[in-house]
Every structure is written in structure tokens, then in C-alpha cells.
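No lab work stands behind these numbers, since they all come straight from the coordinates. On a predicted model such as this, the values are computed, not experimentally measured, just so you know. In this analysis, Cβ positions are derived from the backbone assuming ideal geometry, glycine residues included, and neighbour counts consider all displayed protein chains.
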Amino acid sequence: MLNVIAMANTNKERLSVKDMMSKSDISSPATMHKNIQSLISKGWIFLEETSDARRKQLQLTKETLKYYTKLGHALEKSIK
């Protein structure tokens, strides 16, 4: 699930909680909600307010962006 959020972030796409919960191929909406809350509490993602108070966008934290940057560098290094 974190990778889906990261890919949306990389592609400059806005991904809301509702969008994520509609991805039934990942898990049920109840499980998805639980996992979103878990990622928030662990500091991997945060909810960003929008002009519509009912919609919140899923965003990666700075620490998560650093993690993916390190992961990318490690993958590049392993290929060489």
C-alpha cells in the first residue's frame, strides 16, 4: 500500500483516502482504513487537507521520501 502511495506521489498524482479505499484489488475497505491509520501512526504518511473538508490527500512524510531515496540509490548501486 505504501508503494501505491509512493508511485502516485512520484507521478505527481493526487491520491485521496477514498481513492485508496476504492482499490479493492489491494484489500477490503475496512482493512485499507486500518492500514492507512497504521501508516499514519508509524510516521510513513500523513493526511493533507484539501479545499473540500471531506477529502483528504495521502502524502508521504519527509522521512519516507528519504527512505525511498536511499532505496533507489541502493538499487542503482546493486545494478552496477
Amide H to amide H under 5 Å from THR61: which residues, 5+ apart in sequence or cross-chain, H placed 1.01 Å off N in plane? ILE45, PHE46
Across the chain, how many lysine pairs separated by 8 or more positions, or lying on different chains, have Cα atoms within less than 21 Å? 19
Collect residues whose amide H, placed 1.01 Å from N in the peptide plane, falls under 5 Å from the amide H of LYS56; neighbours closer than 5 in sequence don't count. VAL17, LYS18
Per DSSP H run of n ≥ 4, the term is -39500 (n - 2.57); total these for the chain, divide by its residue number, and report the mean residue ellipticity at 222 nm rounded to 500 deg cm²/dmol. -17000 deg cm²/dmol
Helix 29-41 versus the longest principal axis of the chain: what angle, 0 to 90°, nearest 10, using Cα atoms? 60
I want the local charge near LEU15. Using Cβ-Cβ distances under 12 Å, sum +1 for each Lys or Arg and -1 for each Asp or Glu among the other residues. +3
Once amide H atoms are placed 1.01 Å from N in the peptide plane, what residues at a sequence separation of 5 or more from ILE26, or on another chain, have their amide H within under 5 Å of its amide H? none
Listed values (i) 25, 14, 12; (ii) 44, 15, 8; (iii) 48, 16, 12, entry calculated as semi-axes √(5λ) of the Cα gyration tensor in Å: (i)
How far is helix 62-79 tilted off the main Cα axis of the chain, in degrees rounded to 10, range 0 to 90? 40
Tell me, what is the FRET efficiency for ILE40 and SER78 to the nearest 0.05, using R0 = 22 angstrom and their Cβ-Cβ distance as r? 0.10
Calculated FRET efficiency, TYR68 and HIS33, Cβ-Cβ r, R0 22 Å, to nearest 0.05? 0.40
Just want the ordering: HIS33, HIS73, from fewest to most Cβ atoms lying within 10 Å of their own Cβ. HIS73, HIS33
Neighbourhood net charge (14 Å Cβ-Cβ; Lys/Arg +1, Asp/Glu -1) for GLY72: +3
